[in-house]
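The values are calculated or read from the model by the stated rules, or taken from the named source; none is laboratory data. These numbers were taken from a predicted model, which means no experiment stands behind them. Here Cβ is always computed from backbone atoms with ideal geometry, including for glycine, and neighbour counts include all displayed protein chains. Calculation scope for accessible area: heavy atoms of the full protein, side chains included, ligands and nucleic acids excluded. Shrake-Rupley method; radii C 1.70, N 1.55, O 1.52, S 1.80 Å.
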Amino acid sequence: MLNSTSDFVYLGIIAMPLALVMITGGIDISFGSVASLSAIITGVTFQAGLNIWLAVLVGLAAAFVAGLVNAALIVSTGAQPMVITLGTLFLFAGLALGASGLGGVSSFEGISGLPPSFVALASGKTLGVPNMLVIFLVVAVVFAVLLGKSSYGRQARLIGANPKAAAYAGLSIGKVITVSYVLTALCAGFVGILLTSYLSSARADIGDALLMPTLTLVVIGGVSMYGGEGSIGGVLIATFVIGFLQQGLRFMGMTENQVAVVTGSALVVVASLRWWSGHFRERVKNRRVQRAALKAEGKSAQPVA
Amino acid sequence: MNLRSLLRHREAVTVSGVVILVLLVMLVQPAFAAPSNLLRIANSTVILALLAAGSAVVIMTRNIDVSVGSMLALTGIVGGLMLRDGVPAVLTVVVVLALGAALGVVNGLGVTYGHVPSIVMTLGTLGAYRGLSFLITEGHSIENVPAGYKAIGRADILGVPLLVWLVIVALIGIGLFLGRTRLGRHVYATGDNRDGAHLIGVRTNGVIILAFAVSGVCAAAAALVFLAQVGSISNQAGQGIEMRAIAAAVIGGVALSGGVGTVFGAAAGAVFITAAVSSLSFLGIPGFWADTVIGAILLVALFADARVRKALDHRRVLDRYRAVHEAAPDAAENRKVAQ
């Protein structure tokens with residue numbers, strides 16, 4: 001049970017900072033490409049003869065730069081984050097392919113022959129708990145504190161809920177937004193490296209399949225697409241619920257595609273239920289107040305008569 | 001050139017971009033502008049142009065459709081199975097287009113009555129439709145599309161492939177519908193200001209469902225083109241093409257904030273992307289840089305767009321100041337008279 005978590009918790013590692021981005025009212029769809037970029041750059045620099053851990057640092061630096069590019073474009077143009085990150089989705093994926101092409105890497109095999117100490121990063125265990133899970137929990141705690149206990153988290157929430165009020169309150173919106181995108185890119189790059197270690201091969205398309213499952217986690221975790229609402233706890237729970245749900249469906253003998261149909265439908269139903277349940281709660285509340293008001297009116301009307 | 005007309009005619013900018021690109025590459029490699037190569041580009045653009053047009057209609061209503069690639073695969077597989085099993089081509093075309101419309105309506109219903117944000121809804125169906133197409137074929141690809149149907153892909157009129165003509169006619173049809181009919185204008189109104197449109201009597205929910213249906217039909221039409229051109233279809237068909245379709249629409253001047261853009265612009269954006277990618281091989285650049293080029297084009301377009309918009313806003317504010325200051329002396333005099 002614990003071991004099977006390694007097959008999905010890496011999605012949660014990106015979902016946490018992505019939740020932060022969506023809480024500020026933005027969105028980042030380029031993280032899959034950032035993961036690929038950082039993975040292949042790590043692989044290529046390792047192939048060039050660098051120590052693997054230095055190569056990892058180079059890969060993370062590439063992810064950091066990618067995040068800065070995202071943030072700089074979004075803040076400077078004021079265009080919708082969705083289109084900007086759509087552009088960088090292509091840009092970074094192309095750069096990843098380019099890097100692997102320049103490194104002479106075949107796109108099917110990737111770069112293998114990574115040292116065992118690096119492979120142990122994601123496939124190993126600490127005190128009987130898979131490393132991947134440990135890393136995920138550490139990331140979750142960091143982001144829970146960042147969002148729930150720091151002034152940065154409150155600023156992010158205000159910017160998402162009401163950007164104008166945040167601007168009048170004197171918050172440096174650009175800085176808060178930049179941090180959120182850079183954190184997302186860094187975590188995506190880290191996941192790219194983790195996956196490289198897990199599969200013990202660096203590939204330029206390693207992040208291609210990350211987009212949809214990660215967004216699913218964030219949305220099912222209760223983060224609003226319109227900014228201002230959401231919590232890390234919700235994303236944490238969603239990661240395990242969705243992860244174990246999919247594992248369970250696979251155990252029941254469902255194929256990967258049947259699982260995709262179920263997950264896709266679940267995403268839509270949960271998102272719809274969110275609105276409708278809020279709507280009904282509001283209606284019940286309104287009716288209760290109305291009834292109370294009518295009763296009070298009836299009482300106050302009698303003495304007059 | 002006037003900045004305002006530049007913004008108003010973004011598709012013209014995109015078209016001139018295509019022309020400039022072709023001329024520039026021609027300077028290096030004259031063979032690029034040979035009619036045969038331009039026809040090849042046109043032939044390979046039609047699928048992307050159809051998908052971009054469909055995405056554009058949805059984007060105009062201030063929604064987004066990322067499920068077009070999966071709709072292409074699902075409708076294409078149903079169409080391929082029908083053709084393979086001897087169903088007449090005309091009936092197949094009708095059924096496939098109707099299926100596309102139905103898939104689009106599901107998206108539209110979720111967005112309007114289900115109150116699911118469009119990106120979440122279509123991400124869900126992106127996975128679900130792709131999964132369904134796998135379930136139908138159990139992972140095998142559909143081969144043996146009859147030669148009679150494949151002949152459509154090779155037929156040409158006046159030297160230009162029949163499919164290109166058909167797609168041009170279809171795009172003109174959608175363009176006229178959006179620009180010249182009441183319902184078409186409602187699409188723009190809904191995207192520009194949904195509440196406002198609702199207040200003046202536009203059935204905004206119906207319009208949004210219609211836009212998603214148009215996108216579904218376009219995806220189904222793209223699947224029919226795919227079957228005619230390729231002659232077989234696998235479950236992976238159209239994987240990841242939704243992002244290219246949205247990129248084409250945005251390059252062609254369709255704003256993600258809704259209410260702005262034309263299908264011609266989106267189609268021109270698709271031509272631009274295809275031409276840019278195919279120019280790589282003529283310039284001796286390895287094909288794996290294609291995505292980088294698309295991303296760079298998109299970002300440059302967005303950056304230029306933002307700059308022009310900012311300059312325009314600036315000028316509007318200046319004009320307003322000037323108007324106030326010119327009117328001020330009169331106002332001061334009027335006050336004196338009143339006293």
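Points worth noting:
- So residue A:126, is it in contact with a helix residue (DSSP H, G or I) (Cβ under 6 Å, 6 or more places away or on another chain), crowded, with 17+ Cβ neighbours inside 10 Å and not small (Gly, Ala, Ser): no
- Just so you know, in the range A:4-36 the residues that are assigned to a helix (DSSP H, G or I) and among the hydroxyl-bearing types (Ser, Thr, Tyr) include one that is nearest to residue A:122 (Cα to Cα), and it is A:6.
- Counting only helices (runs of 4 or more DSSP H) that sit completely within the range A:65-164, those holding 1 or more residues that are at pLDDT below 85 and farther than 27 Å from residue A:205 by Cβ correspond to A:131-148, A:151-161.
- Residue that is more than 30 Å from residue A:274 (Cα to Cα) and either part of a helix (DSSP H, G or I) or polar (S, T, N, Q) (or both), where the choices are B:105, B:111, B:90, B:120: B:90
- Screening B:116, B:58, B:15 for residues that are buried (at least 19 other Cβ atoms within 10 Å of the Cβ) and free of Cβ contacts under 8 Å to residues at least 12 places away in the same chain leaves exactly one candidate, B:116.
- The listed residue being under 23 Å from residue A:257 (Cβ atoms) and away from chain A (no Cβ under 14 Å), out of B:91, B:97, B:123, B:81: B:81
- Filter pass, residue A:168 being more than 14 Å from chain B (Cβ to nearest Cβ), at pLDDT 85 or above and open to solvent by 60 Å² or more (accessible area, probe 1.4 Å): yes
- Being away from every other protein chain (no Cβ under 14 Å), under 22 Å from residue B:107 (Cβ atoms), within 25 Å of the chain's Cα centre (by Cα) and not hydroxyl-bearing (Ser, Thr, Tyr) is a description that applies to residue B:178.
- For the residues B:178, B:166, the requirement of being surrounded by 20 or more Cβ atoms within 10 Å (Cβ to Cβ) and part of a helix (DSSP H, G or I) singles out B:178.
- Looking only at residues of the range B:126-162 that are of a type in the set (Phe, Trp, Tyr) and within 13 Å of another protein chain (Cβ to nearest Cβ), we find that the one that is farthest from residue A:213 (Cα to Cα) is B:134.
- Count of residues meeting criterion [without any contact (Cβ under 8 Å) to a residue 24 or more places away in the chain and assigned to a helix (DSSP H, G or I)] in the range B:274-294: 10
- Among the residues listed as A:214, A:184, the single one being within 14 Å of another protein chain (Cβ to nearest Cβ) and either at pLDDT 85 or above or open to solvent by less than 40 Å² (accessible area, probe 1.4 Å) (or both): A:214
- Qualifying positions in the range A:245-261 - within 21 Å of the chain's Cα centre (by Cα), more than 8 Å from every other protein chain (Cβ to nearest Cβ) and without any contact (Cβ under 8 Å) to a residue 60 or more places away in the chain: A:245
- Criterion violated by residue A:238 - all others in (1) in a helix (DSSP H, G or I); (2) more than 11 Å from chain B (Cβ to nearest Cβ); (3) open to solvent by 70 Å² or more (accessible area, probe 1.4 Å) satisfied: (3)
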